[in-house]
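To start, the structure under review is shown below, and the notes come after it.
Values in this text are rule-based calculations from the coordinates and carry no lab data. Since the structure is predicted, the reported quantities are computational estimates derived from the model, not experimental observations. A quick note on method: Cβ atoms are made from the backbone with ideal geometry, for glycine too, and the neighbour counts reach across all protein chains shown.
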Amino acid sequence: MIDNHQRNINYLRISVTDRCNLRCVYCMPPEGVKHTPHWEILSLEEFGRIVDAASDLGIKKVRITGGEPLIRKNILDLFEHISANPKIDDISITTNGVLFADMAKDLKNAGLTRVNFSLDSLSPDNFKDITRLGKFDAVWKGIEKAIELELHPVKLNVVAVRGVNDREFGDFVRLSRELPLHVRFIELMPIGECNPWAVGNFISAEEIMQQLQEEFGTFDIETKVTGNGPAKYYRLPGAKGTIGFITQ
């Protein structure tokens with residue numbers, strides 16, 4: 001499928017729910033957001049039909065997102081439906097990881113090929129402050145499970161927030177050196193419910209990279225990370241993983 005800019009479109013993202021089991025400070029107010037009534041959202045069967053129709057137009061890769069997709073009831077049924085389509089060769093998920101460890105084997109058996117975790121801090125206390133409800137240990141267990149099951153590339157999405165996690169960027173780089181994890185620093189996007197708060201906490205990818213180069217020196221450009229997003233990747237010499245940047 002070719003768009004008006006002559007780009008080959010073969011990648012589909014599906015948001016299966018607007019609900020989430022966390023309340024990240026840059027994403028939701030403490031009480032959450034108003035949920036869409038059940039009768040106003042697509043059923044898993046309808047999502048499956050959309051994927052089938054899209055595959056006839058050239059879609060080969062599908063990413064399941066939310067909200068938090070793993071809280072959607074019977075979500076494994078959708079993975080199984082998609083994986084049964086011979087035209088689809090890649091099924092991924094973006095998750096906060098809270099429920100992932102207990103579901104990981106079933107997800108892989110249902111067709112999941114790779115996973116992105118949203119993880120903004122490696123400090124349990126800071127992680128709890130950012131997410132309001134999250135437990136770091138549960139997410140880290142999920143990340144370890146993804147590596148164990150070889151759901152590569154395992155990516156960590158880190159929303160960069162000045163004064164919140166900017167002192168941890170080096171820790172994430174060291175993590176990419178030790179483990180086969182692909183860390184993506186994402187510029188904070190001032191949209192939605194938390195727009196006024198986000199504006200004053202923005203830190204650019206350029207500033208992050210400058211900070212990292214002062215600490216670690218030169219990074220090698222990396223071009224072999226599987227994925228369909230806009231990230232630009234780099235690797236420390238000898239590192240098992242990479243770092244990347246997603247800008248506004």
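Fully extending the segment from Asp166 to Asn74 would add 29.4 nm, taking 0.36 nm per residue of separation and subtracting the current Cα-Cα distance.
For the listed peptides 137-146, 230-239, 32-41, a ranking on the average number of other beta carbons within 10 Å per residue, highest first, reads 137-146, 230-239, 32-41. For a 32 Å ceiling on Cα separation, which of these pairs sit above it: Lys87/Lys135; Lys128/Lys155; Lys34/Lys87? Pairs exceeding 32 Å: Lys87/Lys135; Lys34/Lys87.
Computed over segment 1-83, the P(r) tail beyond 17 angstrom holds 54 percent of alpha carbon pairs. Based on alpha carbons, the Rg and Dmax found for segment 42-158 are 14.7, 47 Å.
Taken over the chain, the alpha-carbon convex hull comes to 139 cubic angstrom per residue.
One equal scatterer on each Cα of segment 152-248, no solvent, Debye formula: the resulting log10 I(q)/I(0) at q = 0.16, 0.17 Å⁻¹ is -0.64, -0.71.
Database remark: amide H of Ile246 closer than 5 angstrom to the amide H of Phe185, Ile186, Glu187 (H placed geometrically; neighbours at sequence offset of 5 or more, or on other chains; Pro and chain starts carry no H).
Put simply, when 45-53, 178-186 are sorted by average Cβ atoms within 10 angstrom per residue, most first, you get 178-186, 45-53. Charged side chains reduced to their Cβ positions (Lys and Arg at +1, Asp and Glu at -1) give the chain a dipole of some 260 debye around its Cα centre.
For Lys105, the aspartates and glutamates whose Cα falls under 20 Å of its own Cα, not counting residues fewer than eight places away in the same chain, are Glu68, Asp77, Glu80, Asp89, Asp90, Asp137, Glu144, Glu148, Glu150. Modelled label positions at Ala53 and Asp129, each set 7 Å beyond Cα in the direction of Cβ, lie 4.7 nm from each other.
For the chain, the relative contact order works out to 16 percent when only alpha carbon pairs closer than 8 Å and six or more residues apart are counted.
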